[in-house]
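Just so it is clear, none of the values below were taken in a lab; they were calculated from the coordinates. Because the structure is predicted, anything quoted here is derived from the model rather than measured. Every residue, glycine among them, receives a Cβ derived from its backbone with ideal geometry; neighbour counts consider all protein chains shown.
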Amino acid sequence: MLSVDGVLLAVVALSLLIWLVQEIAGRPCRIARLAALSRQALVEGMEAGFPVWLRLLSKLLVGSWFLLAAVIYLKRDGDFALMLVALVLFCGIVSLSDRLFFRGRRVRLMGAAPVQQVLSHIRQDAERQQVVDWAEADYTAAEYAKSFFPVLLAVLLLRSFLVEPFKIPSASMVPTLQVHDFILVNKFAYGLRLPVVGTKILPVGMPERGDVMVFFPPNDKRYFIKRVIGLPGDQIRLENNVLYINGVRMEQTLLYTDSRSWPPVLVMQENLQPREHLMQRYPVPTPHASFQAVVPEGQYFMMGDNRDNSSDSRFWGMVPEQNIVGQAVYVWMHWESWLSLPSFSRNGVIK
């Protein structure tokens, strides 16, 4: 089955191969073409006479990236962290290889006697420089790789180790978080982790009960956001949406009844001892309003604040420690759609 991640890796590998072929085989061909031409021929068209395969490589490169863009648009899927790491590695390999090896090789090829003889016949400095620039110009892959490498590297470091933006996709965390809220996720709150693999390289802190956490559930590669309810070793019991942790009842206080939806929901203040937070539930218990489990070591029990409208640990199990992404800390914008203006009235710390 065609996947975004598979197409991405194939396109990156193909781009690297095309660039190596262009630089290793195509560069001498280009400079030899320069040495064989007269001044008039250089003016008329320096690309004329190139092997067909060499002229098609750049078209193949561009076509492969258009294919990747089409697959991403159609599938609306893929691991963004993997995409970013793959692009940074590609740009880094191209930039470093060019600096350490191919740049000096171009200088040596351009210093050959036949090339210098052709250049000596060009009287105008500007015209001579134009020819030199053509012969030494980066191929498409290297041109974009060297341009984007610093930006992509900065984004990767920022996103992997400091903070990452996240958009709330569902109503599972209402009333704490609304659909279309844009939030910031602290990536170092629970330790620095390598992108893609999630291996912790620097312990910093551990999740605490009541934290709002972003993670990968065990059955999905998409980001989820829920509240940490159960820590390793905790005994969790839910009776008619009333939570008991290790036999202790987590008190709920009714704040108001929200009748804007049907059925109406009860908006409650829940005390997770010592942290308090908002949650909501239906007046009449649903089939999933009762549940019990023991949290294994190294795992966490997660639930949405919208207790009767949340896909969480009651359905797909506990969250392993290595699946943690970070702690949701701040709402910085609410934006319904492109047809509306963003709102900043909900900005604030996530509790």
Tell me, what HN-Hα J-couplings in whole Hz come from the Karplus equation 6.51 cos²θ - 1.76 cosθ + 1.60 at θ = phi - 60° for each residue of region 244-261, using x for Gly and Pro? 10, 10, 6, x, 9, 6, 8, 5, 10, 10, 6, 9, 5, 9, 8, 9, 6, 10
Using 7 Å Cα-to-Cβ label points, what is the Leu255/Leu96 separation (nm, one decimal)? 5.1 nm
Please list, in chain and number order, the residues 5+ apart from Glu251 or on another chain whose amide H is under 5 Å from its amide H, with Hs placed from the backbone. Asn271
Region 226-281 shape via C-alpha gyration tensor axes, a/c threshold 1.5: prolate
Using alpha carbon centers only, region 95-131 is separated from region 224-239 by a whole-angstrom value of 66 Å
Can you compute 3J(HN,Hα) from phi for each residue in region 316-331, using the Karplus curve 6.51 cos²θ - 1.76 cosθ + 1.60 with θ = phi - 60°, rounded to whole Hz and x for Gly and Pro? 10, x, 7, 9, x, 4, 6, 8, 6, 9, x, 9, 6, 10, 8, 8
Short version: ³J(HN,Hα) in whole Hz for each residue of region 184-190, in order, from phi by Karplus 6.51 cos²θ - 1.76 cosθ + 1.60 (θ = phi - 60°), x for Gly and Pro, what are they? 10, 10, 6, 7, 10, 4, 10
Taking only Cα atoms of the chain, radius of gyration then Dmax in Å: 28.9, 92
Compute the FRET efficiency between Lys351 and Arg123 as 1/(1 + (r/R0)^6), taking r as their Cβ-Cβ distance and R0 = 56 Å, and round to the nearest 0.05. 0.15
Between Leu67 and Ala293, what is the label-to-label distance in nm when each label sits 7 Å out along the Cα-to-Cβ direction? 4.1 nm
Using the Kyte-Doolittle scale, find the helices of the chain whose mean hydropathy is at least 0.5 and whose Cα atoms extend 15 Å or more along the helix's long axis, counting only whole DSSP H runs. 4-21, 52-75, 80-97, 140-161
Multiply the residue gap between Asp234 and Trp332 by 0.36 nm, knock off their C-alpha separation, and tell me the result in nm, one decimal place. 32.0 nm
For region 144-201, what does the alpha-carbon gyration tensor say about shape, rounded, prolate or oblate, given a ≥ b ≥ c as the root eigenvalues, a/c under 1.5 as rounded, and a/b over b/c as prolate? oblate
Mean 1/r over all different Cα pairs, inverted: what Kirkwood radius does region 217-351 give, in Å? 16.4 Å
Only counting other Cβ atoms within 10 Å, I'd like Cys29, Cys91 sorted with the fewest neighbours first. Cys29, Cys91
Rank by packing, highest mean first: peptides 186-192, 59-65, with packing defined as the count of other Cβ atoms within 10 Å averaged across residues. 186-192, 59-65
Volume per residue that the Cα convex hull of region 64-219 spans, once the total is divided by residue count, Å³: 176 Å³
Kirkwood Rh, region 54-124, all Cα pairs: how many Å? 16.0 Å
